[in-house]
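First comes the structure, then the notes that go with it.
The values are calculated or read from the model by the stated rules, or taken from the named source; none is laboratory data. Owing to the predicted nature of the structure, the values given are computational and were not obtained by experimental measurement. So basically every Cβ, Gly included, is an ideal-geometry build from the backbone, and we count neighbours across all protein chains shown. When the accessible area is computed, the model is the full protein with side chains, heavy atoms only, and any ligands, DNA or RNA have been set aside. Shrake-Rupley method; radii C 1.70, N 1.55, O 1.52, S 1.80 Å.
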Amino acid sequence: MTKANSTKSKGSETKSSEESSTARVNRELSRRAYRTMLEARLLEEKLAALYRSGKIVGGVFLGRGQEALSVALGVHLRRGDIYAPLIRDQAGRLAFGDTILDTLRTYLGSSLGSMRGRDGNIHRGRPSEGYHAMISHLGAMVSTVCGSLVAKRFHGEKSAVGATCIGEGGTSTGSFHEGMNMAAIENLPLVVVVANNQYSYSTPNERQFACSDLLARAAGYGVSGHRAVGNDLVDCLGVIGKAVATARRGEGPQLVVADLLRLVGHGEHDDASYIPEVMKKSPLGRDCLELARQSLIAQEWLSDDEADSWHKAVEKEVEETASKVLREPAPDPSEEDWNAFASPSLGRNL
Amino acid sequence: MSSITYLEAIRLAQQRALKEDPRVFIYGQDIGAFGGAFKATKNLAKEFPGRVLDAPISEDAMVGLAIGAAIEGMRPIVEMQFADFSTCGFNQIVNQAATLHYRTGTPCPIVVRLPSGGTPGSGPFHSQSMEAIYAHYPGLVVMTPATVEDAYTMLLEAISIDDPVIFCEHKFLYYHLKAESLPSAPAEALPFGKARIARPGRDATIVAYSAMVHEALAAAEELVQDGYDIEVVDLRTVRPIDTDTILASVARTGRLLVVGEAWPWGGVASEVIARVASEGFGLLDAPPQRLNAKETPVPYHPALWGTHRPTASSVANSLRQLLEL
């Protein structure tokens, strides 16, 4: 099969070349990405505070430490693409077009939010706009995105890309495997970004998979593989930009694997005490937001003053939006139609 | 002159849907050039190039693909090779397809065809009746056609509605059941979700669906010799369920036997009895009864299988007992 051969040759390109990546990433994209990471970080800090003060029920699942990888995918997608983010993708979601307002509405259960209190937190989306709403069952979104891409193929839309994100733990599911295999068979323009944050909830990688490198799986599926440095914004932008562009050109599914560390617990209920200090202090544990700021300032793409003013502006927007949403109505059970069917005629006789 | 089988009706419904609606495509194992394990898509891949697609053995991803395509405006039909294998796609069906519209307001118009029910020699993994499992989940429509005409019109209906439909087509009826012609349009059939009085009667009501309708009708004929006139209600669709037609029948007869090929525990028969007991207790002259498969996996050997599931003669026995209560 030529596919296997081409995978091999593509495999040799997976070593991320910092020079070429950096050169390709333009200033505006990096600035936009950094600004979005900042929004995600400050918004999530507010979500954590609202959770601790009892205003958010259920759970809060943060992407702290994963914003660079997440945003790098979001900024490379455009209207007409399909995006199925996972739980640590606040930054990617905002880059794709989700808003601080709708995030807060969904977490706080406002009836004005896109999920209307029927689902919450990270289980939000607007599928009719290409923004899929994840279910909790990991791996499930891979084939769903494939389906949307098959539909686009039927519609004759040639330039759309579909993208989804998953953690290293999610790659252990049958659903992930089936979806990757299917994407490869159909040669779909799918980009799958694997955030290898070393722990699936509390389970370390040695209890999650036995292969030495998750990227090796790309060859097994017959798809192209790329490696990114998960907490390096410039590298993530370059590598994922290339993966998205390759998929958009019709060259089939792209698997991106990035090592990083989440700098919080699985959810805000979890203190992540199972992550050893030595790992937190390793390069893996460096904060991507701080690194991105330093990097952009070093490139003279951003000044300290500008970064500080962005910080203040975002903080203000988050605070004001949260105050507004906290005053919005909760869903009213007496006004719910309690009908899961879309066909109007099916509502009564269940 | 009877020439159109239940299986051919399913093939023709898909052919018509492919012809009339560019949003329709079919996805399943061995359904392309091979025409499907049961030939329900015979020649369709040739007639509609690129729209009848072979799938890998990946039931989860097959349903996931259908959901994603439906979100983008398509009307996918997924053929499970056997209903039993739909358990491998269970997560996508019940957690994604069934919840999508409620959660997001985006409809999920997919049809998952389940070749269902037992045939001699098929054994535990090629014989199951899954309707109760899927009917349990809000958001799923579950159809169980018992006739050639319904197999045709209900499949067209399933494709046209905005909700995910689990289409339970009975393998035993595939070749056994024949009709002379098909209705030209779904509009000629009963309204969607409406049960059918398959045989009017006055002494007792049998509620059945799918292949069991025919066992029930045969049992009703048998009881004619005993002087009884048995009404048979064919549910057609088990979710939504047509409680009104069931209650109206019980109001006429005062006695109820529900027959299902699936297991009794938490099943469609239990649901029918629960509804009649709570909404029509005063209509009953005797305790409502049910007859289902025996509580073991579906056995392989025809001698065991024939006793495992309800048959005309076991239905007739249950009826005689009911009529003496």
Give me the residues in the range B:91-130 whose solvent-accessible area, probe 1.4 Å, is reduced by at least 20 Å² once all protein chains are included instead of the chain isolated. B:91, B:92, B:95, B:96, B:101, B:102, B:103, B:104, B:106
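So, for the protein assembly as shown, what is the accessible surface per residue at a probe of 1.4 Å, expressed in square angstrom?
Per-residue value: 38 Å².
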Taking the Cα centre of each part, how many Å lie between the range B:189-223 and the range A:70-135? 49 Å
Could you tell me which GluC sites (Glu not before Pro) in the range B:152-232 are loop residues by DSSP with no more than 12 other beta carbons within 10 angstrom of their beta carbon? B:180
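Below 8 Å between Cα atoms, with a sequence gap of 6+, how large is the relative contact order for chain B in percent? Please report the intermediate quantities before stating the final value.
Values: 739 pairs, mean separation 53.2, N = 325.
Rounded, it is 16 percent for chain B.
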If you build the convex hull over the alpha carbons only and average its shadow over all orientations, what do you get for chain A? Give it in nm² to one decimal. 19.3 nm²
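Can you give the helix-only mean residue ellipticity at 222 nm for chain A, where every DSSP H stretch with n ≥ 4 adds -39500 (n - 2.57) and the sum goes over all residues, rounded to the nearest 500 deg cm²/dmol? Don't jump to the answer; show the numbers that get you there.
On the way: 13 runs with 157 residues, N = 350.
The helix contribution divided over chain A gives -14000 deg cm²/dmol.
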Rg to Rh quotient for the protein assembly as shown, alpha carbon positions, Kirkwood Rh: 1.04
Within a Gaussian network of chain B (alpha carbon springs, distance under 10 Å), most fluctuating of B:126, B:308, B:176: B:176
From the phi of every residue in the range B:95-105, what ³J(HN,Hα) in whole Hz does the Karplus formula 6.51 cos²θ - 1.76 cosθ + 1.60 yield, where θ is phi - 60° and glycine or proline is x? 9, 9, 4, 6, 9, 4, 5, 4, 6, 10, x
Flagged as over-length at 24 Å C-alpha distance, from A:152/B:171; A:158/A:242; B:39/B:294; A:152/B:19, the pairs are A:152/B:171; B:39/B:294
With a 1.4 Å probe and all protein chains left in place, how much of the accessible area of the protein assembly as shown comes from carbon and sulfur atoms, in whole percent? 53 percent
Dipole of chain A, positive direction: furthest Cα of A:310, A:343, A:108, with charges on the beta-carbon: A:343
With +1 on each Lys and Arg Cβ and -1 on each Asp and Glu Cβ, how big is the dipole of the range A:212-350 about its Cα centre, in debye rounded to the nearest 20? 820 debye
Looking only at lysines whose Cα falls under 24 Å of residue A:55's and that sit 8 or more positions away or on another chain, we get A:46, A:312, A:316, A:324
Using alpha-carbon coordinates alone, the radius of gyration and Dmax of the range B:4-188 in Å work out to 15.0, 44
What helix-only [θ] at 222 nm does chain B give? Using -39500 (n - 2.57) per DSSP H run of at least 4, over all residues, to the nearest 500, the answer is -10500 deg cm²/dmol
Please give me, ordered by residue number, the trypsin sites (Lys or Arg not before Pro) of the range A:129-170 that lie in loop per DSSP and have at most 14 other Cβ atoms within 10 Å. A:158
How large is the dipole of the protein assembly as shown about the Cα centre if only Lys and Arg carry +1 and Asp and Glu carry -1, each at its Cβ, rounded to the nearest 20 debye? 1160 debye
Of B:76, B:124, B:22, which has the largest mean-square fluctuation in a 10 Å C-alpha GNM of chain B? B:22
Alpha-carbon Rg with Dmax, taken over the range B:196-324, Å: 13.6, 43
Indicate the residues belonging to the range A:327-344 that lose 30 Å² or more of solvent-accessible heavy-atom surface (probe 1.4 Å) upon moving from the chain alone to the assembly of all protein chains, ignoring ligands and nucleic acids. A:340, A:341, A:342, A:343
Counting alpha carbon pairs within less than 8 Å and at least 6 residues apart, what relative contact order, in whole percent, applies to chain A? 23 percent
For the interface of B with A, what's the total buried accessible surface in square angstrom, probe 1.4 angstrom, rounded to the nearest hundred? 3600 Å²
What is the distance in Å between the Cα centres of the range B:118-176 and the range B:1-55? 16 Å
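If you place +1 on the Cβ of every Lys and Arg and -1 on the Cβ of every Asp and Glu, how big does the dipole about the Cα centre of the range A:279-333 come out, in debye to the nearest 20?
Numbers: 8 positive and 13 negative charges, 76 e Å.
For this selection, approximately 360 debye.
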Percent of Cα-Cα distances greater than 21 Å, calculated over the range B:12-87: 20 percent
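How about the range B:158-256: which chymotrypsin sites (Phe, Trp or Tyr not before Pro) there lie in a loop by DSSP and see at most 10 other Cβ atoms within 10 Å?
Values: sites: B:167, B:172, B:174, B:175, B:192, B:209, B:228; in loops: B:192, B:209, B:228.
Within the range B:158-256, no chymotrypsin sites (Phe, Trp or Tyr not before Pro) qualify (loop, at most 10 other Cβ atoms within 10 Å).
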Among B:74, B:154, B:130, which one shows the biggest mean-square fluctuation in a GNM of chain B, springs joining Cα atoms closer than 10 Å? B:74
